[in-house]
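Peer 1: Please find one structure pasted underneath; my questions will follow.
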Amino acid sequence: MKQTLIEGRNICKTFTGNGSHTTILQSINVDIYEDDFTIIMGASGAGKSTLLYALSGMDQITGGKVTYRGTEMTGLSENQMAGLRATVFGFVFQQTQLVSNLTLFENVAMAGYVGKIGTPKEIRKKAQNLLRQMGVESARDRLPSHVSGGEAQRAAIARAMINRPGLIFADEPTGALNRSHTEEVLDLLSNLNENGQSILMVTHDLRAAIRGNRLLYLEDGKLLDELSLPSYDAAFAKDREAKVSGWLSSLEW
Ligand SMILES: Nc1ncnc2c1ncn2[C@@H]1O[C@H](COP(=O)(O)OP(=O)(O)OP(=O)(O)O)[C@@H](O)[C@H]1O
Ligand SMILES: [Mg+2]
């Protein structure tokens, strides 16, 4: 039996402004399991990012509850929540959000200092090892503006990994990358997942979606369907693409 990492119950999200209410998430029930590479798909505006932020506690929900390993996040103070986000979750976004005046190495190490994962020396060593593992060691002393998009994203993944997160949340991490950098980053994520890292990723891209073993489809703020697949194997990528593509067509994606 897989362990449940995140349990979302009746998640509702309504935006209020100018006297009107817009309901984005409509009573969503969803569990996210350990070791899975879970994907969220759906049309633009379906609520994918909103759901990701609701499940990660980055954004307050207006109804329902979210628990992480049995601890209710909706009941935590802003401070406790910030601590959880810094030490238990890792985040990767479309734009890397690396700090522009820090080198790749400093960006990764800084996240370790914030997470207080060890002594400064231990943190620097870990940052170095992670940058090596992500294949960007040679660019470690450059600023984000002086590396390619793929290198910057790999450094951002190293930053997300430094606190040994229970779960990585990724919102279209390949959305701003060209084809070859996309494949590099996807290979990296597949590799992390193979080594036990749980990942929850929003994507528009079929090539990214096939990396997952569990695909959720969101429509108008509701979970419409899901698809389970065996773990990713590059040798069967074409078959997998056909299967996912057929599933998406059946949902009129
Ligand atoms: N702060 C906000 N106030 C009002 N409406 C919002 C706010 N944030 C998001 N929305 C609306 O909520 C809906 C869902 O947004 P969300 O960003 O979750 O969609 P998405 O599925 O991630 O779309 P995309 O694929 O384009 O990134 C959209 O219609 C969006 O305009
Ligand atoms: Mg989005």
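The values are calculated or read from the model by the stated rules, or taken from the named source; none is laboratory data. Bear in mind that the values here come from a model prediction, so they are computed numbers and not experimental data. Neighbour counts run over all protein chains shown; Cβ positions are idealised from the backbone, glycine included.
Peer 1: Scan segment 169-194 residue by residue and report those that are surrounded by fewer than 23 Cβ atoms within 10 Å (Cβ to Cβ), outside any helix (DSSP H, G or I) and at pLDDT 95 or above.
Peer 2: Within segment 169-194, D171, E172 meet the criteria.
Peer 1: With respect to G90, is the statement that it is buried (at least 22 other Cβ atoms within 10 Å of the Cβ), away from ligand 1 (no atom under 13 Å from the Cβ) and not in a helix (DSSP H, G or I) true?
Peer 2: yes
Peer 1: Okay, next question. Pull up segment 195-230, narrow it to residues that are part of a loop (DSSP other than H, G, I, E, B) and of a type in the set (A, V, I, L, M), then point me to the one that is surrounded by the most Cβ atoms within 10 Å (Cβ to Cβ).
Peer 2: Filtering first and then ranking leaves I210.
Peer 1: Taking the stated definitions as given, is T22 in a strand (DSSP E or B), among the hydroxyl-bearing types (S, T, Y), crowded, with 18+ Cβ neighbours inside 10 Å and within 16 Å of ligand 2 (Cβ to nearest atom)?
Peer 2: So T22 fails the test.
Peer 1: If you don't mind, another one. Against the definition (surrounded by fewer than 14 Cβ atoms within 10 Å (Cβ to Cβ) and on the phi < 0 side of the Ramachandran plot), how does E72 come out, yes or no?
Peer 2: Here the answer is yes, as E72 does meet what is asked.
Peer 1: Filter segment 15-49 down to the residues that are within 15 Å of ligand 1 (Cβ to nearest atom), among the polar types (S, T, N, Q) and touching a residue at least 12 places away in the same chain (Cβ under 8 Å) and list them by number.
Peer 2: If the condition is that a residue be within 15 Å of ligand 1 (Cβ to nearest atom), among the polar types (S, T, N, Q) and touching a residue at least 12 places away in the same chain (Cβ under 8 Å), then T23, Q26, S44, S49 are the ones that fit.
Peer 1: Related question: From the list G166, G212, pick out the single residue that is farther than 24 Å from G246 by Cα and of a type in the set (G, A, S).
Peer 2: Answer to the selection: G166.
Peer 1: Can you name the residue in segment 189-223 that is away from ligand 2 (no atom under 16 Å from the Cβ) and of a type in the set (V, I, T) and is also nearest to R154 (Cα to Cα) among such residues?
Peer 2: The selected residue is I199.
Peer 1: OK, next. Counting only residues that are at pLDDT 95 or above and farther than 25 Å from G166 by Cα, how many does segment 15-25 have?
Peer 2: Within segment 15-25, residues that are at pLDDT 95 or above and farther than 25 Å from G166 by Cα number 1.
Peer 1: Quick one: in segment 51-65, of everything that is buried (at least 21 other Cβ atoms within 10 Å of the Cβ) and more than 24 Å from I162 (Cβ to Cβ), which residue is farthest from ligand 2 (Cβ to nearest atom)?
Peer 2: I61
Peer 1: Tell me, which residue of segment 94-108 that is modelled with pLDDT of 95 or more and under 20 Å from the mean Cα position of the chain (by Cα) is surrounded by the fewest Cβ atoms within 10 Å (Cβ to Cβ)?
Peer 2: It comes out as V99.
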